[in-house]
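All remarks here apply to the structure that follows.
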Amino acid sequence: MGKHYVDKLKAAVDKNAESGIMDMRGEKMDIEYSKQAVKTIKGLDRSAKQRIKEAIENIPHGDIKPLRGSKDSLRLRVGDWRILFSYQGENIILIEKIAPRGGVYKGV
């Protein structure tokens, strides 16, 4: 996925939220969201947005597994939702796709 397809949004989940999480070393990591991920987030109800926001902010903790057949992509499970993401360099996490469990892996 090219950089021109990615919108860097500091507050995609919550307008008042401060984007950026800490990695295991305590360094700040930036979060970038694909257009598809932003569109999905905007369509969610408030409680689902909050759960997904908290899960993303807690990366690298949570139910995270490598995506089969992909070298760099990982998946984060949040209830019936799946968040596909990858590390783009040392301090950037790219949220590639957010979708319900059954449809998230189609086209990957």
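The numbers here are math on the coordinates, done by the rules we state, and not lab data. For clarity, every value in this text was computed on a predicted model and none was experimentally measured. Cβ atoms come from the backbone with ideal geometry, glycine included; neighbour counts cover every protein chain shown.
Taking 7 Å steps out from each Cα toward its Cβ at GLN50 and LYS35 produces label points 3.2 nm apart. In this structure, the pairs whose alpha-carbon distance is over 22 Å, taken from LYS71/LYS106; LYS49/LYS71; LYS65/LYS97, are LYS49/LYS71.
Summarising the label geometry, the points placed 7 Å from Cα in the beta-carbon direction at ARG101 and LYS42 lie 2.9 nm from one another. Provide, as a two-decimal number, the C-alpha radius of gyration of the stretch 45-84 over 2.2 N^0.38 Å, N being how many residues it has. Working it through for the stretch 45-84, the quotient is 1.19.
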